[in-house]
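Inspection log for the structure reproduced underneath, given as structure tokens.
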Amino acid sequence: MAAKADDLRIMDKALGVTKKELSPVEYARFLAIITPKVGYSVREIRKFRDTITNEEFLKMLKGKGAEIIP
């Protein structure tokens, strides 16, 4: 069995390749698909939402290459 560090390196490499090949929207959907569905995701999203302004969030999205249409 591979060492944990090797597993993390492989996962980072795979995510990097995937991120290059997919649009920001496709990449977000991909991450949603592969993310385990446990815990309280709605609560976590609300907690994140409450710590950042809309302007900061839009700036972060634009920095990731998302096209923001008013």
Quote the FRET efficiency, to the nearest 0.05, computed for residue 8 versus residue 55 with a Förster distance R0 of 25 Å and r equal to the Cβ-Cβ distance. 0.15
Among [x] 6.6; [y] 4.9; [z] 5.5, only one was calculated for this model; which label is it, if the read-out is mean projected area of the Cα convex hull in nm²? [x]
Structure-based [θ]222 nm, the chain - -39500 (n - 2.57) summed over DSSP H runs of at least 4, per residue, nearest 500: -21500 deg cm²/dmol
Per residue of segment 44-56, what does 6.51 cos²θ - 1.76 cosθ + 1.60 with θ = phi - 60° give for ³J(HN,Hα)? Whole Hz please, x for Gly and Pro, Karplus curve as stated. 5, 5, 4, 4, 4, 4, 6, 9, 9, 7, 4, 5, 5
Nearest-ten-degree value, helix 24-34 long axis tilted from longest Cα axis of the chain: 50
Net charge (Lys, Arg +1; Asp, Glu -1) of residues whose beta-carbon lies under 14 Å from that of residue 55, residue 55 excluded, is +2
When the chain is treated as a Gaussian network with springs between alpha carbons less than 10 Å apart, the largest mean-square fluctuation among 25, 17, 42 is found at 42
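No lab work stands behind these numbers, since they all come straight from the coordinates. None of these values were measured; they are calculated from a predicted model. Here the Cβ is made from the backbone with ideal geometry for all residues, glycine too, and neighbour counts use every protein chain on show.
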